[in-house]
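**Q** Shown below is the structure under consideration.
The values are calculated or read from the model by the stated rules, or taken from the named source; none is laboratory data. Every value quoted in this text rests on a predicted model; they were computed, and no experiment measured them. Here the Cβ positions follow ideal geometry from the backbone for every residue, glycine too, while neighbour counts run over all protein chains shown. All accessible areas refer to the heavy atoms of the entire protein, side chains included, with ligands and DNA or RNA removed. Shrake-Rupley method; radii C 1.70, N 1.55, O 1.52, S 1.80 Å.
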Amino acid sequence: VDARNGKASLLVPIGGRAGFHSPIISPDGKYAFYESDSWKEGIFRIMRYNLETKQEKEMYRSEWQILEMDVSPDGELLAFWEGRDNTIKVIPVEGGTAKLLYELDSGAILSVVWSPDGKYIFFSKVGEGEGKVGRCQLWRISRGGGEAIKFPLEADGMEDLSFHPDGRQIAFRSGSI
């Protein structure tokens, strides 16, 4: 949707796909990334779609949905949570091997977002047994991995993390059932 005039246009044709989730656009506007799934075959893919050439490329394949992902501000890396092994990984947007950054011992991730400076990946983690909209905590891990840092912020169902461009404020959706 053009933010100036409200006009909508099709970016990625999804055809008869079984599932299409979590679309995001790279900072340079060159690529769209999304999760394309086929429950019938048990195949879940992170796809990259070149908006100029209209070419699609499979970047990553899993046996579990990948619904939480974000592109780094420099456009070089895609960070994502893989529920199959409960890990946060990064993969180069041009393709290659995914690198493990962090493995959760319990719980699940509800949101993944890069800091505006590209140095960190922030994520909201729901505790084990809390359910999708349970009590969540805000965490951060360095772009290169290492120890995750927990912040003193908790909220029910903390999802859709989004940074202000200055990096000093973070917004999220919260709720419980």
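**Q** Which net charge results when you count Lys and Arg as +1 and Asp and Glu as -1 among the other residues whose beta-carbon is under 11 Å from that of MET69?
**A** -3
**Q** Which value does Rg/Rh take for the stretch 1-122 over its C-alpha atoms, Rh per Kirkwood?
**A** Result: Rg/Rh = 0.97.
**Q** Moving on. Given charges of +1 on the Cβ of Lys and Arg and -1 on the Cβ of Asp and Glu, with all other atoms neutral, how large is the dipole of the chain about its Cα centre, in debye to the nearest 20?
**A** Details: 22 positive and 27 negative charges, 65 e Å.
In total the dipole reaches around 320 debye.
**Q** Among rounded, prolate and oblate, which fits the stretch 30-73 when a ≥ b ≥ c are the square roots of the eigenvalues of its C-alpha gyration tensor, a/c under 1.5 means rounded, and a/b larger than b/c means prolate?
**A** Taking the square roots of the gyration eigenvalues as a ≥ b ≥ c, the stretch 30-73 is oblate.
**Q** What residue among LEU78, LEU138, LEU67 has the largest mean-square fluctuation in a Gaussian network model of the chain, using Cα springs under 10 Å?
**A** Of the options given, LEU138 has the highest mean-square fluctuation.
**Q** For ILE149 and ALA171 in the same chain, what is the full-extension length gain: residue separation times 0.36 nm, less their Cα-Cα distance, in nm?
**A** Working: separation 22, 0.36 × 22 = 7.92 nm, distance 1.86 nm.
Here the segment from ILE149 to ALA171 would lengthen by 6.1 nm.
**Q** Where does the Debye-calculated log10 I(q)/I(0) of the stretch 46-118 sit at q = 0.13, 0.14, 0.23, 0.25 Å⁻¹, using only Cα point scatterers of equal weight, no solvent?
**A** Here the Debye-derived log intensity ratios amount to -0.38, -0.44, -1.11, -1.25.
**Q** Using only the alpha-carbon atoms, what does the stretch 85-153 span along each of its principal axes? Please give whole angstrom values in decreasing order.
**A** Projected onto its principal axes, the Cα set of the stretch 85-153 covers 36, 25, 19 Å.
**Q** Also, I was wondering about something else. Residues with beta-carbon under 13 Å from that of GLY146, excluding GLY146: net charge, scoring Lys, Arg +1 and Asp, Glu -1?
**A** After counting each charged neighbour, the total is +2.
**Q** Tell me, what HN-Hα J-couplings in whole Hz come from the Karplus equation 6.51 cos²θ - 1.76 cosθ + 1.60 at θ = phi - 60° for each residue of the stretch 61-68, using x for Gly and Pro?
**A** 10, 9, 9, 9, 4, 10, 9, 10
**Q** Which of the GluC sites (Glu not before Pro) across the stretch 1-99 are loop residues per DSSP, with 16 or fewer other Cβ within 10 Å?
**A** GLU41, GLU52, GLU63, GLU76, GLU94
**Q** Next question. When the chain is modelled as a GNM with alpha-carbon springs shorter than 10 Å, which of PHE33, PHE44, PHE80 fluctuates the most?
**A** It is PHE44.
**Q** Which of the trypsin sites (Lys or Arg not before Pro) found in the stretch 141-175 are loop residues per DSSP with 13 or fewer other Cβ atoms within 10 Å of their Cβ?
**A** Working: sites: ARG143, LYS150, ARG168, ARG173; in loops: ARG143, ARG168.
Here the sparse-neighbourhood loop sites are ARG168.
**Q** Further, regarding this structure: Considering only lysines 8 or more places apart in sequence, or on different chains, count the pairs in the stretch 7-151 whose C-alpha atoms sit under 17 Å apart. Don't jump to the answer; show the numbers that get you there.
**A** Values: LYS30/LYS54; LYS30/LYS57; LYS89/LYS99; LYS89/LYS119; LYS89/LYS125; LYS99/LYS119; LYS119/LYS150; LYS125/LYS150.
Close lysine pairs under the 17 Å cut-off: 8.
**Q** What does the net charge come to around ASP28 if you take all other residues with beta carbon closer than 14 Å to its beta carbon, with K and R at +1 and D and E at -1?
**A** -2
**Q** Could you list which residues have their amide H under 5 Å from that of GLU68, counting only those 5 or more apart in sequence or on another chain, with H placed in the peptide plane?
**A** TRP81
**Q** When ligands, DNA and RNA are left out and all protein chains stay put, how many square angstrom of accessible area per residue does the chain have with a 1.4 Å probe?
**A** 55 Å²
**Q** Between LYS54, LYS30, LYS125, where does the largest GNM mean-square fluctuation fall for the chain, given springs only between Cα atoms within less than 10 Å?
**A** Maximum fluctuation in the GNM of the chain, among the listed residues, is at LYS54.
**Q** Still on this structure, please answer the following. In nm, what is the difference between 0.36 nm times the number of residues separating LYS40 and VAL1 and their Cα-Cα distance?
**A** Using 0.36 nm per residue and subtracting the Cα-Cα distance, I get 10.8 nm.
**Q** Can you send over the carbon and sulfur percentage of the accessible area for the chain, probe radius 1.4 Å, protein chains only? Don't jump to the answer; show the numbers that get you there.
**A** Details: 4830 of 9730 Å².
Answer for the chain is 50 percent, counting heavy atoms of protein chains only.
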